[in-house]
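Structure first, commentary second.
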Amino acid sequence: MIVLGSTSEVAQAFVEKALQEGEKFEKIYLFTSNKETTERFARHIDVKFLQQSEVIELDLLKEIDYNAFDTIQSNLLFCATGYLGEGTEEGLYDNKNTDRIIDINYSKLVPVINYFAQKFESRRSGTIIGLSSVAGDRGRQSNFIYGSAKAAFTAYLSGLRNYLFDKKVHVLTIKPGFMATKMTEGLPLNPKLTATPKQAADCIYKAYKKQKDVAYVLPVWGVIMMIIRNIPEFIFKKLKL
């Protein structure tokens with residue numbers, strides 16, 4: 001199993017869920033920009049599940065040596081890489097903020113997924129799970145830089161799913177709504193619309209086993225975003241969302 005964004009609470013919860021369900025992995029490759037934190041998680045799954053893992057440092061904002069990944073073999077890739085950054089009000093005209101959001105959520109991430117997707121394609125097997133966001137379903141004034149990156153990532157996963165379908169590789173797009181994680185700490189989230197990492201992991205695992213194409217972490221978000229997507233633009237542009 002390959003995990004991109006291994007410090008994510010959702011990624012770690014998914015790994016634990018899979019192991020609890022009896023999934024067998026020769027090795028779990030934990031890609032991370034925070035090696036110290038990820039090594040603690042690696043020790044945890046080693047002790048709890050006797051699961052062998054390898055922590056691999058990956059900083060998307062630095063040059064990547066793909067040759068170092070040649071020996072990695074897996075049939076499952078889980079991508080939880082993401083960066084929320086500053087909201088539109090605070091960070092719209094901050095180019096460093098904009099670049100970082102776009103780079104981490106899309107432009108620097110896609111080549112890494114492509115690298116492993118090519119391996120899956122050559123073996124004609126595997127599953128790629130990508131965490132996008134409901135923020136990508138429609139641009140809203142509060143976070144449209146982040147939303148635009150997630151919209152691009154959602155479109156990428158859709159196209160990749162279409163491309164890999166007849167190569168026997170499945171691509172699952174996960175769309176979380178509000179999540180109770182470090183990334184959203186301090187934000188005023190509605191608890192009825194907010195999922196815990198464990199809830200998210202349970203939902204993702206079910207969608208993975210059912211080979212779904214797209215899944216919202218909480219079903220209510222599918223309804224909410226359907227309504228938001230269908231609001232006429234002449235009304236939508238006046239709303240404070």
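Just so it is clear, none of the values below were taken in a lab; they were calculated from the coordinates. Just so we're clear, the structure is a prediction, and the values are computed from it rather than from any experiment. A quick note on method: Cβ atoms are made from the backbone with ideal geometry, for glycine too, and the neighbour counts reach across all protein chains shown.
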Query raised in the report: Can you give the angle from 0 to 90° between the axis of helix 219-229 and the longest principal axis of the chain, with both taken from C-alpha atoms, to the nearest 10?
Result: 40 degrees
Query raised in the report: On full extension of the chain, what length is gained from Lys168 through Thr37, given 0.36 nm per residue of separation minus the C-alpha to C-alpha distance?
Result: 43.7 nm
**Report entry** Residues listed by number, segment 1-35, amide nitrogen under 15 Å from Tyr115 label point at 7 Å toward C-beta
**Finding:** 2-6, 29-33
Report summary line: Within the set Pro188, Pro176, Pro219, GNM on the chain using Cα springs under 10 Å gives the largest fluctuation to Pro188
Query - FRET efficiency estimate (nearest 0.05) - Cβ-Cβ, Glu54 to Ser122, R0 25 angstrom - result: 0.70
Report summary line: Rounded to the nearest 5, the percent of antiparallel DSSP beta bridges in the chain equals 0 percent
Query raised in the report: Helix 197-209 versus the longest principal axis of the chain: what is the Cα-based angle in degrees, 0 to 90, to the nearest 10?
Result: 70 degrees
Query raised in the report: Given the Cα-Cα distance of Gln141 and Ala68 and 0.36 nm per residue of separation, how much length would full extension add, in nm?
Result: 22.2 nm
**Report entry** Entries of Lys182/Lys238; Lys48/Lys198; Lys17/Lys48; Lys108/Lys212; Lys96/Lys198; Lys175/Lys206 with Cα pairs more than 23 Å apart
**Finding:** Lys182/Lys238; Lys108/Lys212; Lys96/Lys198
Query - Amide proton proximity set for Val55, modelled H, under 5 Å, gap of 5+ - result: Leu30
Query raised in the report: Pairing the Cα long axis of helix 144-164 with the longest principal axis of the chain, what angle in degrees results, from 0 to 90 and rounded to the nearest 10?
Result: 50 degrees
